[in-house]
Amino acid sequence: MGHNLSTVSDLAGRVCLVTGASRGIGRAIAVALAAAGCDVAINYRSRSEEAERVAAQVKALGRRVTIVQADVAEAAAVSAMAAQINSALGPIDVLVNNAGIALRRGIDDLTEADFDETIAVNLKSAFLCTQAVLPHMRAQKWGRIVNISSGAARGAGSIGLHYNASKAGMEGLTRGYASRLAREGITVNAVAPSLIETDMMPASEANAGARIPLGRQGRPEEVAQATLMVLGNAYMTGQTVHLNGGTSFD
């Protein structure tokens, strides 16, 4: 063919950080990365036992793993986390910004504190973590960053306007970094799932499946598959990939 096609096999041996990886979508991505041959750093904020279980799954796949407790909304915590991963596994080659909170609020009960926390945890964290990994990625002229967004970035969403704003900001961040880093071998993309069955969006929302053209909620493993697809494609950058069962089209 004359060209070395970049595939997921390029991920083998890479050091990957997944934020908010103790459960749900983050857990599925961490396990999928390990299956693709990555060494994985599992970040969590408060669920240490769940993080340990994910680490056991990564180890069972024969990969190196480290667990790092950090609130990714805080700059000092992110710096310390990056240093800890660097000493345990090596510098970070792949970053998946997945950590997020979903505080369900209406216009009338949304407080300034709710708004600030949501922007910090969902949006500022992606900025802080990206800044922390860029020096190494730029030095080696190779890096992969995926931001886990949401259909709420462009649609009405069911959680609240603060959540919409945080995810729309994340997609703006994605495009801003992608355009500035494209010539340095670093791709930055977003994956935007909607109606995924996790504890953030439980199946107990009985009518959820009925209004989805595919007739069911998505699975965390399907979000992980899309994330790996994006990570494995060296020509895709600045894009948002939507997973919503056909609920809306872009």
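Just so it is clear, none of the values below were taken in a lab; they were calculated from the coordinates. Predicted model only: the values in this text are computed from it and were never measured. Note that we place each Cβ from the backbone using ideal geometry, even for glycine, and neighbour counts take in every protein chain shown.
Candidate cross-link partners of Lys124 among the lysines, defined by an alpha-carbon separation under 19 Å and a same-chain spacing of 8 or more, comprise Lys167.
For the chain, Cys129 stand unpaired, since no other cysteine beta carbon lies under 4.7 Å from theirs.
Relative contact order for the chain: 19 percent, from Cα pairs under 8 Å spaced at least 6 residues apart, divided by residue count.
Taken one residue at a time, the phi angles of the range 242-249 give Karplus couplings (6.51, -1.76, 1.60, θ = phi - 60°) of 9, 10, 8, x, x, 5, 8, 10 Hz. Gly and Pro are set to x.
Sorted ascending by nearby beta carbons within 10 Å, beginning with the fewest, Asp93, Asp71, Asp109 become Asp109, Asp71, Asp93.
Diffusion of the range 8-243 by Stokes-Einstein, at 20 °C in a medium of 1.002 mPa s and with Rh set to the Kirkwood radius over alpha-carbon pairs, works out to 122 µm²/s. For the chain, the mean residue ellipticity at 222 nm estimated from helices alone is -12500 deg cm²/dmol, where every DSSP H run of n ≥ 4 contributes -39500 (n - 2.57) and the total is divided by all residues, rounded to the nearest 500. The label point for Ser158 and the one for Thr111, both projected 7 Å from the Cα toward the Cβ, are 2.5 nm apart.
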